[in-house]
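J.: Okay, handing you the structure first.
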Amino acid sequence: MEIKVQPLHQRNIDDVLRLQKTAYAANFLEDADSFLAKIAASPSTSFGAWRGDAMVGYLIALSLMTNEGLDLNTSNVPTVPIREARVMYIHDIAVNPEARGLGVADHLLQRLEEAVRGSAISLWHLVSVQGSQGFWEKRGFEVSSDPLPNGYGPEAVLMLRR
Ligand SMILES: CC(C)(COP(=O)(O)OP(=O)(O)OC[C@H]1O[C@@H](n2cnc3c(N)ncnc32)[C@H](O)[C@@H]1OP(=O)(O)O)[C@@H](O)C(=O)NCCC(=O)NCCS
């Protein structure tokens, strides 16, 4: 069945929380307030993916001025409008285990690429967790030795793409 990608809204919060639980270990779970703040702060850079009526994936990305990153589970979200931003921070991408390997993550990332096109953003960054480093390397990201935001634990890896 076709995958449809659309902007994410605060009204999708229940689906986001349900998907988060299927995709992350307990120590990475963020609360509803933290998601609601990030979704509100990123109207043009966060997306959901639907297969029929079911949300099967989401991507939350934030346009920032600097590469300071966000602590896990924070509602303090220092975004700037995308036309003023220099940095794209991919905060979270998750796909339901039953829909993995179908290109859902790449559909979501493609929409983000389209949103960034034409902006002054010259640096992308993210915190890779749960062994996803290889996934990001295939998509052009490299490991960075810059300090990680708080809360991600010893196995997390900061990754950049210029
Ligand atoms: C990572 C994730 C979003 C990928 O979603 P997906 O929709 O299955 O990805 P796609 O179908 O677009 O791409 C799949 C490709 O990525 C590869 N891939 C997926 N997870 C990977 C991993 N952990 N390490 C290396 N490669 C990985 C697949 O092997 C496949 O490769 P191929 O295209 O060469 O066959 C999904 O596995 C997920 O939700 N994981 C749990 C949440 C998570 O850890 N997110 C990353 C946080 S930084």
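J.: Anything in region 90-113 that is assigned to a helix (DSSP H, G or I) and over 16 Å from Arg162 (Cα atoms)? List them, or say none.
T.: Selection gives Pro97, Glu98, Ala99, Val104, Ala105, Asp106, His107, Leu108, Gln110, Arg111.
J.: Condition first: in contact (Cβ under 8 Å) with a residue 12 or more places away in the chain, closer than 23 Å to Ala40 by Cβ, within 16 Å of the ligand (Cβ to nearest atom) and not in a strand (DSSP E or B). Can you find one or more residues in region 123-145 that meet it?
T.: No, there is no match, as no residue in region 123-145 is in contact (Cβ under 8 Å) with a residue 12 or more places away in the chain, closer than 23 Å to Ala40 by Cβ, within 16 Å of the ligand (Cβ to nearest atom) and not in a strand (DSSP E or B).
J.: While we're looking at this one, here's another question. Across region 29-71, what is the total count of residues that are in contact with a Leu (Cβ under 9 Å, 6 or more places away or on another chain) and either modelled with pLDDT of 95 or more or under 15 Å from His9 (Cβ atoms) (or both)?
T.: 26
J.: Of all residues being assigned to a loop (DSSP other than H, G, I, E, B) and within 16 Å of the ligand (Cβ to nearest atom) in region 20-44, which is surrounded by the fewest Cβ atoms within 10 Å (Cβ to Cβ)? Just the residue, please.
T.: Ala25
J.: A follow-up question, please. Within region 76-89, work out how many residues are part of a loop (DSSP other than H, G, I, E, B), surrounded by 16 or more Cβ atoms within 10 Å (Cβ to Cβ) and of a type in the set (A, V, I, L, M).
T.: 2
Residue-wise test of (1) touching a residue at least 24 places away in the same chain (Cβ under 8 Å); (2) not charged (D, E, K, R).
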position: Leu36; (1), (2): yes, yes
position: Met55; (1), (2): yes, yes
position: Met65; (1), (2): no, yes
position: Leu70; (1), (2): yes, yes
position: Val80; (1), (2): no, yes
position: His91; (1), (2): yes, yes
position: Leu102; (1), (2): yes, yes
position: Glu113; (1), (2): no, no
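J.: Output the residues belonging to region 1-19 that are out of contact with any strand residue (DSSP E or B) (no Cβ under 7 Å at 6 or more places or on another chain) and either part of a strand (DSSP E or B) or of a type in the set (Asp, Glu) (or both).
T.: Those that are out of contact with any strand residue (DSSP E or B) (no Cβ under 7 Å at 6 or more places or on another chain) and either part of a strand (DSSP E or B) or of a type in the set (Asp, Glu) (or both): Glu2, Asp14.
J.: Residues of region 94-109 being near the ligand (Cβ under 6 Å from one of its atoms) and surrounded by 18 or more Cβ atoms within 10 Å (Cβ to Cβ), which ones?
T.: Within region 94-109, Ala94, Val95, Val104, Ala105 meet the criteria.
J.: Only one of these conditions is not met by Gly118: (1) more than 8 Å from the ligand (Cβ to nearest atom); (2) in contact with a strand residue (DSSP E or B) (Cβ under 8 Å, 6 or more places away or on another chain); (3) assigned to a loop (DSSP other than H, G, I, E, B). Which number is it?
T.: (2)
J.: Also: Exactly one condition in (1) more than 16 Å from the ligand (Cβ to nearest atom); (2) in a loop (DSSP other than H, G, I, E, B) is not met by Asn73; state its number.
T.: Failing condition for Asn73: (1).
The values are calculated or read from the model by the stated rules, or taken from the named source; none is laboratory data. Note that the structure is predicted; figures quoted are calculated from it, not measured. Glycine gets a Cβ as well: all are built from the backbone with ideal geometry, and neighbour counts include every protein chain shown.
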